[in-house]
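Scroll down for the structure; my scribbles are underneath it.
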Amino acid sequence: MKLTNLMTSAAVALGLATAALAEDPTKVGFVYVGPVGDGGWTYEHDQARKAVVEEFGDKVETVYVESVAEGPDAERVITQMALQGADLIFTTSFGYMDPTINVAAKFPDVKFEHATGYKNADNVSTYSARFYEGRAVQGTIAGHMTKSNVVGYIGSYPIPEVIRGINSAYIHAKKVNPDVEFKIVWAFTWFDPAKEADAAKVLIEQGADVILQHTDSTAPQAAAQAAGNVITFGQASDMAEYAPSPRVSSIIDNWAPYYIARTQAVMDGTWESKSTWDGIGAGMVGIGEITDAVPADVKEAALAIKASLADGSYHAFTGPLNKQDGSAWLAEGETADDGTLAGMNFYVEGIEGDIPQ
Amino acid sequence: MIRLEKRPQPSKAWSLATPLVAVLATMIAGGLLFAALGKDPVEAIRTIFWEPLFGEFSFYYRPQLLVKGAPLVLIAIGLSLGFKAGIWNIGAEGQYIMGALFGAGVGLAFYPFEAWYIFPLMVIAGGFGGWIWAMIPAFLKVRFGTNEILVSLMLVYVAEQFLASMSLGLLKNPEGHGFPGSRNLQQYDSAHNAELIAGTGMHWGVVAALIAVIFAYVLLNRHMTGYHIRLTGEAPRAARFAGVNPTRLILFCLGTSGMLAGLAGMFEVTGPSGQVSIDFNVGYGFTAIIVAFLGRLHPVGILLAGGLMALTYIGGDIAQSNLQLPSAAIQVFQGMLLFFLLAFDLLTNFRISLGKTEVA
């Protein structure tokens, strides 16, 4: 294909130019799905970009484009970054998967890192975080804290990532409070403050006094604050402005160590394609400060489970566990394999309602 | 004191000049905005308008202009017919989604069977999907006198729910590890709307957009229906005396615009996008409204306006990446274009007179 040739030669020419100037900084591109000020998902990716700049100073040049729609627009933006000499490109949304693979095939000398996907190539790595470990900590706190025994959960989309989080939170809430019940509302959005606020209000009206969210805005926190006596958890970023209550803790996406390591690998020429799925132990999943709104013994229990997840002595999905329909899933002491977790499309026993199809 | 005087006749010269003046004013105001953000305004404007067309990597960006512009033009042409007659289809985004779902659905039903007739069937299904979605507000309007602006707009959100449901259920890729989204039609030859000549960006959607421009031009200038459309918009009373059937006109205008939006969605999902996913629609149906007005509801004008909008999108992304302009600034810049267009449009029907105020 003519275009491919042109692009390859352009990339090669740029590559040569880079080699000629040894002092030329490593150029790292970031493609974001939301605005950098979303306070959640994209915000944390951009914080990690800033950490890369801080770490390497003049040796690195970063560029980013925000609010890039998934699909052809993403493919164009990624191509544009590769054409303009990026050495490493992070594409930070699941929907960038096929565009990343397409562009990577045209630019064999550029390294690509795709977040939360499952397609790798010689120059495409994938990375994601075991957020379900953080959900185990949240579930523990939620189970202890709820007085109505109703926990509300704002789901974004019914995809494995979100279902995993619901299951993990439920298992650990149930463990400390056998009477607990989960009410799940699907918002069908990652970021829409109005919809998220509505979802939170509906859950609170239905008696929920703990709200967990898998959406990225602080609207549920605001709704909980207005209602009073309802606790929440920060999602993706710390959302500390709602501490000490309603926000009693949070799951923080911490991409900085990974981004720094991968940039370093490109500089050293040691970069290799791989799949990374790190959790609390590697520092990719952070647990935000548990505030004093939580009694000391509950905080202690939550920190204990966090510590056991971090050192690997405990797995968040440890049997005996049954699926929602009552069929056996994990035997006593058995832990879930990553393949099943990655494609998780069922609730565990005890959760009511159906996963929307 | 500045006053506005109504012109006895709309000014032909201003009607043609306003789009150009609006673009110039946008450049100036946009330049001030970029300067206020601490960026070099000349460099920013140059990046947006010059880089995609004549810059170092224009061999890549020029074909992308076709990819980005084609759905805008295709949808805007359909909308302009209704807008001319005072029939307001605001829901092209929903019709675009339904066209994509119908088209992709037919293609995926055949998977993995390969045959030449699959793609034409998908084209028909895509057009039908958009048409039937537009027929809902059309039928409700002619039967119950509902407002087509509200109904067509609300149906966008219904279509989005369908899209989410299809991505998660019926059309979900069985080999997708449980993730939402259909199979990638780019990897299914019979259903792939590939580039007709590699590296040019020219796919069937671009061809369809060009045909639609010619079709609309002929319709409006040489055909009775086109005359009825113009007459209804310019002089509704006269149109009634001339025997225009409003019911037929509503069905025709909404149906045609729905069909073209559906086709745009179908060509997008089978080509540049490749798969049905929750976030498949990116606002072409709404942006096309701007394109239709920017092009003065004239087929050739819409073609040029579609190209201009595509340019600001592609150039805007380059400016973000190269100059680190925030995306919100680019959106403001695009918004200014419509704002100035509407503002200067005033001069078509009014003249500004400077002078002493008259005592009322």
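Computed from the coordinates by the stated procedures, all read-outs in this text should not be read as laboratory data. What you see is a predicted model; the values in this text were computed from it and never measured. Cβ coordinates were reconstructed from backbone atoms using ideal geometry, including for glycine residues, and neighbour counts include every protein chain displayed.
Treating cross-link reach as a plain straight distance, find the aspartates and glutamates whose alpha-carbon is under 17 Å from the alpha-carbon of A:LYS147, omitting any fewer than eight places away in the same chain.
Answer for A:LYS147, where 17 Å is the Cα cut-off: A:ASP179, A:GLU181, A:GLU205, A:ASP209, A:ASP297, listed by chain and number.
Quick one: Cα convex hull volume of the range A:28-70, Å³ per residue?
Numbers: hull volume 2.3 nm³, N = 43.
About 54 Å³ per residue, rounded to a whole number.
Could you tell me which of rounded, prolate or oblate describes the range B:174-290, using a ≥ b ≥ c as the square roots of the eigenvalues of the alpha-carbon gyration tensor, with rounded for a/c under 1.5 and, failing that, prolate when a/b is larger than b/c and oblate otherwise?
prolate
For the range A:286-357, take the alpha-carbon Rg, divide it by the Kirkwood Rh, and send me Rg/Rh. Mind showing how you got there, number by number?
On the way: Rg = 15.3 Å, Rh = 14.5 Å.
Here the Rg-to-Rh quotient is 1.05.
Report, in deg cm²/dmol and to the nearest 500, the calculated mean residue ellipticity at 222 nm for chain B, where each DSSP H run with n ≥ 4 adds -39500 (n - 2.57) and the sum is divided by the residue count.
Numbers: 14 runs with 252 residues, N = 360.
Computed mean residue ellipticity for chain B: -23500 deg cm²/dmol.
Using a Gaussian network model of chain B whose springs link C-alpha atoms within less than 10 Å, name the residue from B:ALA29, B:ALA100, B:ALA109 with the highest mean-square fluctuation.
Judging by the Gaussian network model, the answer is B:ALA109.
What FRET efficiency comes out for the pair A:ASP292/A:SER313, r = Cβ-Cβ distance, R0 = 22 Å, nearest 0.05?
Working: r = 28 Å, r/R0 = 1.27.
E(calc), rounded to 0.05, equals 0.20.
Could you tell me which of rounded, prolate or oblate describes chain B, using a ≥ b ≥ c as the square roots of the eigenvalues of the alpha-carbon gyration tensor, with rounded for a/c under 1.5 and, failing that, prolate when a/b is larger than b/c and oblate otherwise? Don't skip to the end; give the middle numbers.
On the way: a/c = 2.04, a/b = 1.23, b/c = 1.66.
In terms of gyration-tensor shape, oblate.
With each pseudo-label sitting 7 Å past Cα toward Cβ, what's the B:VAL300-B:ASP189 distance in nm, one decimal?
With each label placed 7 Å out from Cα toward Cβ, I get 4.2 nm.
What ³J(HN,Hα) values, in whole Hz, does the Karplus curve 6.51 cos²θ - 1.76 cosθ + 1.60 give for the range B:103-109 when θ = phi - 60°, with x put for Gly and Pro?
Here the 3J(HN,Hα) series is x, 5, x, 4, x, 5, 5 Hz.
Nearest 10 degrees, 0 to 90: what angle lies between the long axis of helix A:72-83 and the longest principal axis of chain A (Cα atoms)?
50
Can you give the relative contact order of chain A as a percent, counting alpha carbon pairs under 8 Å and 6+ residues apart? Let's see the in-between values first.
Values: 729 pairs, mean separation 57.5, N = 357.
Once normalised by length, the contact order is 16 percent.
For the protein assembly as shown, what does the alpha-carbon gyration tensor say about shape, rounded, prolate or oblate, given a ≥ b ≥ c as the root eigenvalues, a/c under 1.5 as rounded, and a/b over b/c as prolate? Write out the running numbers ahead of the final one.
On the way: a/c = 1.72, a/b = 1.50, b/c = 1.15.
Here the protein assembly as shown falls in the prolate category.
Distance check, please: which entries in A:LYS175/A:LYS299; A:LYS119/B:LYS172; B:LYS84/B:LYS141; A:LYS201/B:LYS141; A:LYS174/B:LYS172; A:LYS323/B:LYS172 exceed 26 angstrom between their Cα atoms? Please report the intermediate quantities before stating the final value.
Working: A:LYS175/A:LYS299 16 Å; A:LYS119/B:LYS172 17 Å; B:LYS84/B:LYS141 17 Å; A:LYS201/B:LYS141 36 Å; A:LYS174/B:LYS172 32 Å; A:LYS323/B:LYS172 22 Å.
Exceeds cut-off: A:LYS201/B:LYS141; A:LYS174/B:LYS172.
Ranked by Cβ crowding within 10 angstrom, fewest neighbours first, how are A:ASP98, A:ASP238 ordered? Could you put the intermediate results ahead of the total?
Details: A:ASP98 23, A:ASP238 20.
The order, fewest Cβ neighbours first, is A:ASP238, A:ASP98.
Using label points projected 7 Å from each Cα along Cα→Cβ, tell me how many nm separate B:ARG46 and A:LYS323, to one decimal.
6.2
Need one value for A:90-102: mean number of C-beta atoms belonging to other chains within 10 Å of its residues' C-beta atoms.
Values: counts 0, 0, 0, 1, 6, 8, 0, 6, 8, 3, 0, 1, 3.
Taking the mean over all residues of the peptide, I get 3.
Neighbour counts of other C-beta atoms within 10 Å: give me A:LYS201, A:LYS27 arranged from fewest to most. Write out the running numbers ahead of the final one.
Working: A:LYS201 17, A:LYS27 20.
Placing the least packed residue first, the sequence is A:LYS201, A:LYS27.
Excluding B:HIS203 itself, calculate the net charge of residues whose Cβ lies under 11 Å from the Cβ of B:HIS203, where each Lys or Arg counts +1 and each Asp or Glu counts -1. All intermediate terms of the calculation are to be shown ahead of the outcome.
Values: positive: none; negative: B:GLU195, B:GLU268.
Summing Lys/Arg as +1 and Asp/Glu as -1 gives -2.
Once label points are set 7 Å from the Cα along Cα→Cβ at both B:ALA238 and B:ARG351, what is their separation, rounded to one decimal in nm?
In this crude spin-label approximation the distance works out to 2.3 nm.
If you line up the long axis of helix A:97-106 against the longest principal axis of chain A, both from Cα atoms, how many degrees apart are they, to the nearest 10?
10
Given the peptides B:267-275, B:315-323, B:334-342, A:272-280, arrange them by the average over their residues of other C-beta atoms within 10 Å, most packed first.
Details: B:267-275: 27.3, B:315-323: 22.7, B:334-342: 17.8, A:272-280: 16.0.
So the peptides B:267-275, B:315-323, B:334-342, A:272-280, ranked by packing, come out B:267-275, B:315-323, B:334-342, A:272-280.
Quickly estimate the mean residue ellipticity at 222 nm for chain A, helices only: each DSSP H run with n ≥ 4 gives -39500 (n - 2.57), and the total goes over all residues, rounded to 500.
Details: 11 runs with 144 residues, N = 357.
So the helix-based figure for chain A works out to -13000 deg cm²/dmol.
Considering amide H positions built from the backbone, and no H for Pro or chain starts, which residues 5 or more places from A:GLU113, or on another chain, come under 5 Å of its amide H?
Those lying under 5 Å, H to H, from A:GLU113 are A:ILE89, A:PHE90, A:THR91, A:SER125.
In peptide B:276-287, what is the residue-averaged number of other protein chain Cβ atoms found within 10 Å of each Cβ? Working shown, then result.
Numbers: counts 0, 6, 9, 10, 4, 2, 7, 1, 0, 0, 0, 0.
Whole-number average of other-chain Cβ neighbours for B:276-287 is 3.
HN-Hα J couplings of the range B:75-91 from phi, Karplus 6.51/-1.76/1.60, θ = phi - 60°, integer Hz, Gly and Pro as x?
Residue by residue, the range B:75-91 yields 5, 5, 4, x, 4, 5, 4, x, 4, 4, 9, x, 10, 9, 8, 9, x Hz.
How much length is gained on full extension from A:LYS175 to A:GLU334, taking 0.36 nm per residue of separation minus their Cα-Cα distance?
On the way: separation 159, 0.36 × 159 = 57.24 nm, distance 1.67 nm.
Extending this stretch completely gives an extra 55.6 nm.
Cross-link candidates for A:LYS27: which lysines have Cα within less than 20 Å, leaving aside residues fewer than 8 places away along the same chain?
A:LYS50, A:LYS59, A:LYS106, A:LYS111
What residues from the range A:115-132 fall in the zone where the backbone N is under 17 Å from a label point 7 Å along the Cα-to-C-beta line of A:ALA265?
Only A:115-130 fall inside the zone, counting backbone N under 17 Å.
Enter the angle in degrees (range 0 to 90, nearest 10) between the Cα long axis of helix A:2-20 and the first principal axis of the Cα atoms of chain A, meaning the one along which they spread out most.
Value to nearest ten degrees: 80.
When A:VAL248, A:VAL285, A:VAL150 are ordered from fewest to most other Cβ atoms inside 10 Å of their Cβ, what list results?
On the way: A:VAL248 27, A:VAL285 24, A:VAL150 18.
Ordered from fewest to most neighbouring Cβ atoms within 10 Å, A:VAL248, A:VAL285, A:VAL150 come out as A:VAL150, A:VAL285, A:VAL248.
Taking K and R as +1 and D and E as -1, what net charge do the other residues with C-beta under 13 Å from the C-beta of A:TRP186 add up to? Spell out each step's value before the answer.
On the way: positive: A:LYS183, A:LYS195; negative: A:ASP192, A:GLU196, A:ASP198, A:ASP354.
Result for the neighbourhood of A:TRP186: -2.
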